[in-house]
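Engineer: Structure below; questions to follow.
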2 protein chains.
Amino acid sequence: MPYRAPVSEFRFVLDQVVGMDQVAATELFAEATPETVEAILSEAGKLCETVLAPLNRAGDLTPAKLENGVVRTSPGFAEGYRAITEGGWVGMAASPEHGGMGLPMSLTTAVNEMIGSACLSLQLNPLMTQGQIEALEHHASDAIKELYIPKLISGEWCGTMNLTEAGAGSDVGALRTKAERNGDGTYAVTGQKIFITWGDNDFAGNICHLVLARLPDGAPGTRGISLFMVPKFIPDESGNPGKRNSLGVVSLEHKLGLHGSPTAVMQYDGATGWLIGEEHKGMAAMFTMMNNARLGVGMQGVAIAEAAFQHALTYATDRKQGKTPLGATAIVDHADVRRMLGQMKAETFAARAIALACAVAIDMGRATGSADWQARAALLTPIAKAYGTDMGNEVAYLGVQVHGGMGFIEETGAAQFSRDARVTSIYEGTNGIQAMDLVGRKMMDGGAAAYRLLQEIEDHASEARATLPDLAGDVWAAAEALREATEWLVAQEANDRNAGAVPYLRAFARVLGGHYHLKAALADASRQPLAAFAIKRLMPEHSALIAQMREGAAGLYALTPEALAS
Amino acid sequence: MPYRAPVSEFRFVLDQVVGMDQVAATELFAEATPETVEAILSEAGKLCETVLAPLNRAGDLTPAKLENGVVRTSPGFAEGYRAITEGGWVGMAASPEHGGMGLPMSLTTAVNEMIGSACLSLQLNPLMTQGQIEALEHHASDAIKELYIPKLISGEWCGTMNLTEAGAGSDVGALRTKAERNGDGTYAVTGQKIFITWGDNDFAGNICHLVLARLPDGAPGTRGISLFMVPKFIPDESGNPGKRNSLGVVSLEHKLGLHGSPTAVMQYDGATGWLIGEEHKGMAAMFTMMNNARLGVGMQGVAIAEAAFQHALTYATDRKQGKTPLGATAIVDHADVRRMLGQMKAETFAARAIALACAVAIDMGRATGSADWQARAALLTPIAKAYGTDMGNEVAYLGVQVHGGMGFIEETGAAQFSRDARVTSIYEGTNGIQAMDLVGRKMMDGGAAAYRLLQEIEDHASEARATLPDLAGDVWAAAEALREATEWLVAQEANDRNAGAVPYLRAFARVLGGHYHLKAALADASRQPLAAFAIKRLMPEHSALIAQMREGAAGLYALTPEALAS
């Protein structure tokens, strides 16, 4: 079932829903005119449709494997990677100073979605590199920048991020990897890291590992952590890959999905590394990379949702079974199948709009330096990540369901979307962690950024009342309910917030989804049925979620581990 | 992570929540005293913990395979099957007339849950045979009964059900398999069937296929279908397996999960069959088998939920990460982890109670002949199937989430529960079909059976107000909302009902869940925290679901395939 790049959908959402015109009006992104956007989306879309999508199943069937210490990638992945690099897509968002395209996140996020829809396990590779480029741009010395960034942008070299250890997952500060000063400005890094995405491959000239480690005088916890560039091959004087560094892949994981993406256990034995940023301040640099990656992973969820939706719609349109209420025989005409497809499409639209709105806020924050835009980006990032990936999973689940028994058979591909999507709710910070970020760090302004956004939603709904009174009234009321919920939330103790974090985040996404669907319906009347589906059938869930949020932590702790085990 | 059979939980639910005492008070099931129940559950539980659970991962890693036309089962499955048969568990519910134990469904359903928790892919084998035994008991000739039933009960032979064809899935009436009269009382069956669970194996002396086919003079659609017993080996004069019948396994499917259960494409080439029931009335017999199987599959969902919950709780109790609000380090003490575990436990309890309440109604219908009990069983069957399997999937999903990154790694086993659970929402009638059965066939009484049940729920809540006013008040109000929703529903056209079928079924389950949790909390105060979780945090969803139900079909059809594809 071929993937079709939703280029016109991106144009519509960017132009009519999330206000990309503001981005193009800034000096920094003046080149992102509608014509350029169209050209870039079309070119990337063609690559995804013709070159990358055909690799997806091969990656699943023939996982990357470790042979004598070398990772052998899935059939066609090397060619697919080359096609991505030749198109310049790795360095889309990177500064032109080092050869990047300097495109806004709103556009690169859209391109990343398409690459992810086509072949998510391969897309992880440039996604990691993109995050590394951004971290280096912000925190590396000029020498490191000049050596590494052009090669990462060209795709000659790849980047990885090494945070997790067996005893240090969500609690990064517990890491045990050590770094020691070599006395010549370099460092010796020793330790084991797990869950390293694309920890190695057989198509890039060098693999550049950004590794978190602690210096001997580093304080305990996250405040004593430093960040190092530890390349697989130590660059020689002319900057070419030279001597092999003392690091290697110990093993690859057997995963539920993303078989084409090698997830490595990495061992560093006094490997030579270069400091990125200041000593003991590695977490700041890592956060740059992680924030980028969080939106990127949210968009991976949208990517799977779009691909799974297209796949299921094609099946439902082709599959004949029984007589439907419309008198024809394709199962798409059964009310419950239509319901599932409507939900898949409505959720995909909402998740995409939230992610692109987050990207627009990032762009505006960068281009204007406005604290309000930066706060908007910070607020939307955990929602884009958690809701996008939740929807990736739910839409893929519904995609299997639409296929009926065939959905359980691997050959149809519906199940692969479901397996590949599963980890997106977990990596780059579990969705529980995202929700706690939303109700904690992102509410340290007392809810100001949230209230500003809710006010915009209410103002828009008030305007929309003239045209779509029913839908607009529902969105207004839901935003008002969310405002009250936010007022309740910010007044609570930390752990009561945490207890309600996941339902609050979902309620927020439900209201945002209603808002963006309303905008879409106003801009294009043909979108009203989908907007009505989202607002009348899906958005009402927000009140149950808010009720759940208000229950607080005490009731959770009343369920003791002993009571749970009994 | 070893499985622990929840014997005392079954005792509690059967005795205190779903009223099994009524079953034991009937003449038919007088032997099902509390002592017998305890003894049976303990013995079955021991088998599951020690013999069957250890097979689960082997079945996943080493799928059944087809070699030269012969199915080779997963390592240890033959021994596991023998242990099940030697315990007499295949014939638990079968009539003692042919060697069965004659136990009530309420008890056999509990035993089936434990076998399913331990090794779902193996459990499917006796589950199919149990359904076949019931179909034969009701519809077969005496000669067939005497020949087949004892061997099926002893486990010497196995049974399968053959409904689905490539062009006839949910629409069984479209089948193309043919039967012709041989003139000697036997029939020649020709055609291809797909998705045949345990279509063959290497441990039973014979495989007895119940096959739906159409006689030359059979009317089109379901009314012209007949049912045949088509054994792999034709019994000789002394009833032993004789000549090989002209049927065979064409291929086995590559599935998302349940790798240990061979799912076959079966080919029949003029295979010798014996009529079951009357000519052209095969669907009636098949429905007997399917209704039994629907509750059985619902309980498979509960089985996976229980296993996934135990697995996740153990992980969360063992896994140290960061400092929790309680000052310790096991992740079970984080509010959001506690929330996930609470949801898993609350949903598992509710799904189990619904399934066992359905089983009690089946038993009471059989034992007393009461039309009200039979209507209760008919009403609860689609809810038990759909909600049980939805929860199997949702709880397994949460189980992966609790594991964090380790959940995506196959070695931990969390992902297998998720993969194995997936098809339970699809087979034996998709959950969409179940919901349409609920709002269609099961409401042909104008909602009478539903209103009777809701009245009981309201009466119980009224009584409970004295002790647990807050929880009881919520349950009463939710039941009342569901009554109004039911009144709305039964007044609608068929396709408006179908459009709201899935949300209505879920809303019904939410209210039933609240009711059974309330009963549990009244019977045992230590269960109040879990009941509060279910009633205050989960049950409120019913109103959003009812709102969705009321939207009807028109809005769904406004989403045209063209609009969906654009």
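The values are calculated or read from the model by the stated rules, or taken from the named source; none is laboratory data. The structure presented is a predicted model; accordingly, all values stated were derived computationally and were not measured. So basically every Cβ, Gly included, is an ideal-geometry build from the backbone, and we count neighbours across all protein chains shown.
Engineer: When the stretch A:240-285 is examined, which residues are found to be β-branched (Val, Ile, Thr), within 30 Å of residue A:419 (Cβ to Cβ) and under 25 Å from the mean Cα position of the chain (by Cα)? Explain how you work it out, then say what you get.
Structural biologist: Filtering the stretch A:240-285 down to residues β-branched (Val, Ile, Thr) leaves A:249-250, A:263, A:265, A:272, A:276.
Filter once more, so that each one left must be within 30 Å of residue A:419 (Cβ to Cβ): A:249-250, A:263, A:265.
Within the stretch A:240-285, A:263, A:265 qualify.
Engineer: Moving on to the next point. For the condition at pLDDT 95 or above, closer than 30 Å to residue B:56 by Cβ and in contact with a Phe, Trp or Tyr (Cβ under 9 Å, 6 or more places away or on another chain), what is the one hit in B:245, B:240, B:206?
Structural biologist: B:206
Engineer: Give me a count of the residues in the stretch B:326-350 that are within 30 Å of residue B:383 (Cα to Cα) and among the aliphatic types (A, V, I, L, M). Walk me through how you get there before you give the answer.
Structural biologist: At the first step, the residues of the stretch B:326-350 found to be within 30 Å of residue B:383 (Cα to Cα) are B:336-350.
Retained after the next criterion (residues that are among the aliphatic types (A, V, I, L, M)): B:337, B:340-341, B:344, B:346, B:350.
The qualifying residues number 6.
Engineer: If you don't mind, another one. Counting only residues that are among the acidic types (Asp, Glu) and not in a loop (DSSP other than H, G, I, E, B), which one in the stretch A:533-566 is nearest to residue B:11 (Cα to Cα)? If you could, list the steps in order and put the result at the bottom.
Structural biologist: Narrowing the stretch A:533-566 to residues among the acidic types (Asp, Glu): A:541, A:551, A:562.
With the extra rule that they be not in a loop (DSSP other than H, G, I, E, B), the set shrinks to A:541, A:562.
Details: A:541: 35, A:562: 19 Å.
Restricting to residues being among the acidic types (Asp, Glu) and not in a loop (DSSP other than H, G, I, E, B), the top hit is A:562.
Engineer: Looking at the stretch B:394-493, what helices (runs of 4 or more DSSP H) fall wholly within it and have at least 2 residues that are charged (D, E, K, R) and buried (at least 20 other Cβ atoms within 10 Å of the Cβ)? Give the steps one after another, and end with the answer.
Structural biologist: Numbers: elements: B:414-421, B:431-439, B:448-464, B:469-490.
Once the helices (runs of 4 or more DSSP H) in the stretch B:394-493 are filtered for at least 2 residues that are charged (D, E, K, R) and buried (at least 20 other Cβ atoms within 10 Å of the Cβ), what remains is B:414-421.
Engineer: Working carefully through the options B:425, B:418, find the one that is among the hydroxyl-bearing types (Ser, Thr, Tyr), within 11 Å of chain A (Cβ to nearest Cβ) and more than 27 Å from residue A:194 (Cβ to Cβ).
Structural biologist: The match here is B:425.
Engineer: Here's a follow-up. If a residue must be of a type outside the set (Ser, Thr, Tyr) and facing chain B (nearest Cβ under 10 Å), how many such residues does the stretch A:430-452 contain?
Structural biologist: Matching residues across the stretch A:430-452 total 5.
Engineer: Do we have any residue at all in the stretch B:509-521 that's over 22 Å from residue B:381 (Cα atoms), in contact (Cβ under 8 Å) with a residue 12 or more places away in the chain and assigned to a helix (DSSP H, G or I)? Working first, answer last.
Structural biologist: Within the stretch B:509-521, the subset over 22 Å from residue B:381 (Cα atoms) is B:521.
Filter once more, keeping what is in contact (Cβ under 8 Å) with a residue 12 or more places away in the chain: B:521.
Narrowing the set further to residues that are assigned to a helix (DSSP H, G or I) leaves B:521.
The answer is yes, given that some residue of the stretch B:509-521 is over 22 Å from residue B:381 (Cα atoms), in contact (Cβ under 8 Å) with a residue 12 or more places away in the chain and assigned to a helix (DSSP H, G or I).
Engineer: Is one or more of the residues making up the stretch A:315-333 under 24 Å from residue A:163 (Cβ atoms), in contact with a helix residue (DSSP H, G or I) (Cβ under 9 Å, 6 or more places away or on another chain) and in a helix (DSSP H, G or I)? First the steps, then the outcome.
Structural biologist: We begin by selecting, within the stretch A:315-333, every residue under 24 Å from residue A:163 (Cβ atoms); these are none.
No, every residue in the stretch A:315-333 fails to be under 24 Å from residue A:163 (Cβ atoms), in contact with a helix residue (DSSP H, G or I) (Cβ under 9 Å, 6 or more places away or on another chain) and in a helix (DSSP H, G or I).
Engineer: Taking the stretch A:250-291 as the region of interest, how many residues are more than 28 Å from residue B:259 (Cβ to Cβ) and small (Gly, Ala, Ser)?
Structural biologist: The qualifying residues number 7.
Engineer: Name every residue in the stretch B:260-281 that is crowded, with 24+ Cβ neighbours inside 10 Å and within 13 Å of chain A (Cβ to nearest Cβ), in order of residue number.
Structural biologist: Of everything in the stretch B:260-281, those that are crowded, with 24+ Cβ neighbours inside 10 Å and within 13 Å of chain A (Cβ to nearest Cβ) turn out to be B:261, B:263, B:264.
Engineer: I need the full set of residues from the stretch A:388-415 which are more than 17 Å from residue A:302 (Cβ to Cβ), among the aliphatic types (A, V, I, L, M) and either in contact with a Gly (Cβ under 9 Å, 6 or more places away or on another chain) or within 8 Å of chain B (Cβ to nearest Cβ) (or both), in order please.
Structural biologist: The first filter runs over the stretch A:388-415 and keeps only residues more than 17 Å from residue A:302 (Cβ to Cβ), leaving A:400-415.
Next cut, among the aliphatic types (A, V, I, L, M) only: A:400, A:402, A:406, A:409, A:414-415.
Hits for the stretch A:388-415 are A:400, A:406, A:409, A:414, A:415.
Yes/no matrix, rows are residues, columns are (1) away from every other protein chain (no Cβ under 12 Å); (2) among the aliphatic types (A, V, I, L, M):
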| residue | (1), (2) |
| --- | --- |
| A:471 | no, yes |
| A:488 | yes, no |
| A:497 | no, no |
| A:500 | no, no |
| A:531 | no, yes |
| A:543 | no, no |
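Engineer: Another question, if that's okay. So residue A:101 clears everything in (1) of a type outside the set (Gly, Ala, Ser); (2) over 12 Å from residue A:154 (Cα atoms); (3) free of Cβ contacts under 8 Å to residues at least 40 places away in the same chain except one condition, right? Which one?
Structural biologist: Answer for residue A:101: the failing condition is (2).
Listed here are the residues, each with its yes/no results for (1) more than 9 Å from every other protein chain (Cβ to nearest Cβ); (2) crowded, with 22+ Cβ neighbours inside 10 Å; (3) among the aliphatic types (A, V, I, L, M); (4) farther than 30 Å from residue A:389 by Cα.
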position	(1), (2), (3), (4)
A:283	yes, no, yes, no
A:291	yes, no, no, no
A:297	yes, yes, yes, no
A:324	yes, no, no, yes
A:327	yes, no, no, yes
A:334	no, yes, no, no
A:339	no, yes, no, no
A:358	yes, yes, no, no
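Engineer: I'd like to check something: does the stretch B:301-322 contain any residue that is within 30 Å of residue B:107 (Cβ to Cβ) and over 23 Å from the mean Cα position of the chain (by Cα)? Explain how you work it out, then say what you get.
Structural biologist: So in the stretch B:301-322, the residues within 30 Å of residue B:107 (Cβ to Cβ) come out as B:301-314.
Then keep just the ones that are over 23 Å from the mean Cα position of the chain (by Cα); that gives B:313-314.
Checked the stretch B:301-322: at least one residue is within 30 Å of residue B:107 (Cβ to Cβ) and over 23 Å from the mean Cα position of the chain (by Cα).
Engineer: What's the number of the only condition in (1) of a type in the set (Phe, Trp, Tyr); (2) under 16 Å from residue A:451 (Cα atoms); (3) without any contact (Cβ under 8 Å) to a residue 12 or more places away in the chain that residue A:557 fails to meet?
Structural biologist: Unmet condition: (2).
Engineer: Residue under question is residue A:524, and the condition is that it be over 20 Å from residue A:387 (Cβ atoms), within 14 Å of chain B (Cβ to nearest Cβ), in contact (Cβ under 8 Å) with a residue 12 or more places away in the chain and in contact with a Gly (Cβ under 8 Å, 6 or more places away or on another chain); does it hold?
Structural biologist: no
Engineer: Exactly one condition in (1) modelled with pLDDT under 95; (2) touching a His at 6+ places or on another chain (Cβ under 7 Å) is not met by residue A:315; state its number.
Structural biologist: For residue A:315, the exception is condition (1).
Engineer: Additional query: Yes or no: residue B:153 of a type in the set (Val, Ile, Thr) and part of a helix (DSSP H, G or I)?
Structural biologist: yes
Engineer: Go through the residues of the stretch A:151-159 one by one and say whether even a single one is of a type outside the set (Gly, Ala, Ser), surrounded by fewer than 19 Cβ atoms within 10 Å (Cβ to Cβ) and either within 20 Å of residue A:355 (Cβ to Cβ) or at pLDDT 95 or above (or both).
Structural biologist: Yes, the conditions are met somewhere in the stretch A:151-159.
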